[in-house]
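What follows is a short report on a single structure.
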Amino acid sequence: MNETRPKLTFFYPGWYAIVMGLCCLALAWHRATPLMGEMASGVALVLGALASCVFAVLAVATLLRGHRHPEAWAEDRRHPVRHTFVAALPIAVILLATVAVALLGPSPAAGLLWWVGALGQLAVTVWVLSRWWRPGTGGLPWASVTPALLIPIVGNVLVPLAGVPLGHPQWATAQFGVGLMFWPVVLVLLAVRIATQGMLPERLLPTLFILIAPPAVVGLSALQLGAPVSLGWLAWGMAAFTLAWVGSTAKRLRVLPFALPHWGLSFPLAAFAALTLRLAEPGTPMAVLGPVLLALASIVILALAMGTLRGLRDGTLLAPEPVAPIVPA
């Protein structure tokens, strides 16, 4: 029975979403420095250090799990939804390199970390998408089409944030293009999945907020690559509308028991706050909205962290996931 399995077997790849959220929040606070002063920079340093510590703990747990319970790792790779969260590991590495470059400046260590994350993310993207060609047990079952499928895509559009200051704009642009190519494909698949198979299972509702991440990160990366500011505003409008759209599910989220998918709120909200602060100029409405969104993202991530600590204490997180079958509409 699953209940007798060691807790480490339930240490799913989705745990790296915590690092993603903390890193992006650190970057958002760093973006707030021109408006809020050195205090914002100090908060960014603390968050960056915390993200590094959390990543180290998760990496050790991942290695132990892979050594002691290889069958659990194999199960993750076969799972229709969970396999997409494997991309959270290289994305976390990319974001750690991005935080290091933003807060401490370019360095050989940050460059090496960036290359490991960027190439790892590209490899995971190829692996995830190559599953679509497999007959029989592979293919693209509707259960696999969730907002989490965007995770292998979003990671690629993150690459320019550190790639440009590290001196690799050509590669960063090329990998950025991979994300742009598949982002709308996943959106269409998700719309068709909901239209033909019904809404997502309740426990996956928090992952709808992942839809905010692509336009927010595309805007940040496009500006990093030297795109016109108008393109940044275009992406901001898309992200703002998506926030209003998925925000309509907030009442339903409040009644859900806390689970790991709730961390799906963290990175997108922080990324949108970062883009808003990137576009903000002193004395403009964005200079007011940016700190408000930053406060919102900070409060949400603090609540998620507290919920995670409670879940670890109560034993509700490192536990079997409930099975949620798809019921056609």
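Just so you know, all these numbers are worked out from the coordinates, no wet-lab data involved. No experiment lies behind these values; they were computed from the predicted model shown. Ideal geometry is used to build each Cβ from the backbone, glycine not excepted, and the neighbour counts take in all protein chains shown.
Starting with the highest mean, order 33-41, 96-104 by the number of other Cβ atoms within 10 Å, averaged over the residues of each peptide. Kindly include the intermediate steps, with their values, before the conclusion.
Numbers: 33-41: 13.9, 96-104: 22.4.
Going from most to least packed, we get 96-104, 33-41.
Going toward the positive end of the dipole of segment 35-182, with +1 on Lys and Arg Cβ and -1 on Asp and Glu Cβ, which of Leu96, Thr146, Ala56 do you reach last?
Thr146
Taking the Cα centre as origin and putting +1 on Lys and Arg beta-carbons and -1 on Asp and Glu beta-carbons, what dipole magnitude results for the chain, to the nearest 20 debye? Kindly include the intermediate steps, with their values, before the conclusion.
On the way: 18 positive and 9 negative charges, 108 e Å.
Dipole magnitude for the chain comes out near 520 debye.
Restricting to Cα pairs below 8 Å that are 6+ residues apart, what does the relative contact order work out to for the chain? Please round to a whole percent.
Details: 471 pairs, mean separation 70.4, N = 329.
Worked out over the chain, it gives 21 percent.
For segment 7-24, just list the computed ³J(HN,Hα) in residue order, Karplus coefficients 6.51, -1.76 and 1.60, θ = phi - 60°, integers in Hz, with x standing in for Gly and Pro.
4, 4, 5, 9, 7, 7, x, x, 4, 5, 4, 5, 5, 4, x, 5, 5, 5
Using helices alone, I'd like the mean residue ellipticity at 222 nm for the chain: each DSSP H run of four-plus residues gives -39500 (n - 2.57), total over residue count, nearest 500.
Working: 14 runs with 219 residues, N = 329.
That comes out to -22000 deg cm²/dmol.
Search the structure for amide H atoms under 5 Å from the amide H of Thr249, placed 1.01 Å from N in the peptide plane, and list their residues when 5 or more places away or on another chain.
Residues meeting the amide H criterion: none.
Step through the residues of segment 142-156 one at a time and calculate ³J(HN,Hα) from phi using the Karplus curve (6.51 cos²θ - 1.76 cosθ + 1.60, θ = phi - 60°), rounding each to whole Hz and writing x for Gly and Pro.
Listing the rounded values in order: 4, 4, 7, 8, 9, x, 4, 5, 6, 4, x, 8, 4, x, 6 Hz.
Can you grab the distance from the C-alpha centre of segment 64-108 to the C-alpha centre of segment 195-211, Å, no decimals?
23 Å
How long, wide and thick is segment 208-261, going by the Cα atoms along their three principal axes, in whole angstroms, largest first?
The principal-axis extents, from largest down, are 43, 20, 9 Å.
Return the sequence-ordered ³J(HN,Hα) values of segment 256-273 in whole Hz as given by the Karplus equation 6.51 cos²θ - 1.76 cosθ + 1.60 applied to θ = phi - 60°, using x for Gly and Pro.
Rounded to whole hertz, the list is 7, x, 5, 8, 4, x, 4, 5, x, 7, 5, 4, x, 5, 5, 5, 5, 4.
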